[in-house]
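This report concerns only the one structure given below.
The values are calculated or read from the model by the stated rules, or taken from the named source; none is laboratory data. Worth saying up front: this structure is predicted, and the values here are computed from it rather than measured. Here the Cβ positions follow ideal geometry from the backbone for every residue, glycine too, while neighbour counts run over all protein chains shown.
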Amino acid sequence: MRESDLKFFEELLLERKNQIVKNIEDAKKEIAELKTDDVGDEADHASVSTDRMIEQAISTQQQKELSEINFALSKIGNGSYGVCEMCEEDISFQRLKVKPHAKYCIVCREIIEKQNKF
């Protein structure tokens, strides 16, 4: 992969990383606010509880993506970025544009998804 392409993906990953960190911090603040809100009746309590669970689920998913982004950034650092971890072929530029923290090429990703269904 060309140096200019690596720089492009590094910037893309860092931008997404910053957005996720901001989202996680905002979610933590919202959860903290929900905990301190006075809850009137059972319906209010159920609503607050549901909101809290949704925020936590989103935060968990974003933590996972953040971990994948950090891994991709480390691969840029060690020169192995853009190589499929399964077949060791290059991951297409278009796939990386859509998912810059992709670990697998399209073919290998499909194989993994089919295996996980069973």
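For the range 72-118, the set of residues classified as of a type in the set (S, T, N, Q) and loosely packed, with under 14 Cβ neighbours inside 10 Å consists of Ser74, Asn78, Ser80, Gln94, Gln115, Asn116, listed by residue number. Within the range 104-113, being in a loop (DSSP other than H, G, I, E, B) and either of a type outside the set (A, V, I, L, M, F, W, C) or in contact with a strand residue (DSSP E or B) (Cβ under 7 Å, 6 or more places away or on another chain) (or both) holds for one residue alone: Tyr104.
Looking only at the range 42-62, decide whether some residue is at pLDDT 80 or above, of a type in the set (Asp, Glu), surrounded by 12 or more Cβ atoms within 10 Å (Cβ to Cβ) and not assigned by TED's automatic domain parsing to the domain that holds Ile91. Checked the range 42-62: no residue is at pLDDT 80 or above, of a type in the set (Asp, Glu), surrounded by 12 or more Cβ atoms within 10 Å (Cβ to Cβ) and not assigned by TED's automatic domain parsing to the domain that holds Ile91. When residues in the range 68-103 are screened for being without any contact (Cβ under 8 Å) to a residue 24 or more places away in the chain and over 15 Å from Met1 (Cβ atoms), 5 of them pass.
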